[in-house]
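Notes for the one structure printed next.
The values are calculated or read from the model by the stated rules, or taken from the named source; none is laboratory data. Keep in mind the model is a prediction, meaning the values are calculated, not measured. In this analysis, Cβ positions are derived from the backbone assuming ideal geometry, glycine residues included, and neighbour counts consider all displayed protein chains. The accessibility values were calculated without ligands, DNA or RNA, using every heavy atom of the protein model including side chains. Shrake-Rupley method; radii C 1.70, N 1.55, O 1.52, S 1.80 Å.
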Amino acid sequence: NFTVVDYSDYLQTGTISPSYTLMLAPDQMSQINLKYQKKEFIKPPFHKDEDRDADDYAASVAWFFFFAENKGFVNIRYEINQEDTDGINWKYLGNRGTLNAIIPFDDAFKFSVSGDIYYQQFDNTNTNFLTKRKDITYTGSAILTYELYKNIEMQLQYTYIWDDSNIAIYDYNNKVHNDKRVEN
């Protein structure tokens, strides 16, 4: 993957992510996933302790419950990851819990909702702020989807992100509103 931000090269990543899926019953499924990701940020950091180039290792387990003739589902997932960065200020152990649901009202109209809590405990005392960083990021999202024609949808989306960090400069709130047409 290659990411561009504000028309500037930003990040290159390579990911390997094998998973195993098991049907527990006609309406239930579980999944186990492993992930390795190599991250290379294009611009050099201002200091070696801030180097975010990393090897990221993760494992997750998930459970799905299907309903409405398998057009809707509820999903819960837990993931643990270790981001081993070149700079000591960004090494951390992360724990993430996610809950998702898709609720179909009919063949054309559905509602999706998602909640995510991500706790990051950084390994080292931050050399700029002289304290160990801890972040909890809360993400909530809701999407209303209406299929206008086959493979053409209109979506109304709201996403809220709040990062609560013990180092104030890393705190943020972000609200995203979208209404758009997408083609599948």
ask   = How much accessible surface does Glu147 have with a 1.4 Å probe, in Å² rounded to 10?
value = 60
task = Whole Å is fine, so just give me how far the alpha carbon centre of the range 48-125 lies from that of the range 6-34.
result = 10
task = Would you mind computing Rg(Cα) / (2.2 N^0.38 Å) for the range 1-71, counting N as its residues?
result = 1.65
ask   = Quick one: net charge of Ala54's neighbours, Cβ under 10 Å, K/R +1, D/E -1?
value = -4
remark   = Net charge near Asp86 (other residues with Cβ under 14 Å of its Cβ; Lys, Arg +1; Asp, Glu -1) is -4
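What is the local net charge at Ala68, summed over the other residues whose Cβ is closer than 13 Å to its Cβ (Lys, Arg +1; Asp, Glu -1)?
Residues close to Ala68 contribute a combined charge of -2.
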query = Over 19 Å between Cα atoms, which of Lys38/Lys132; Lys43/Lys132; Lys35/Lys132; Lys38/Lys134; Lys38/Lys91 qualify?
reply = Lys38/Lys132; Lys43/Lys132; Lys35/Lys132; Lys38/Lys134
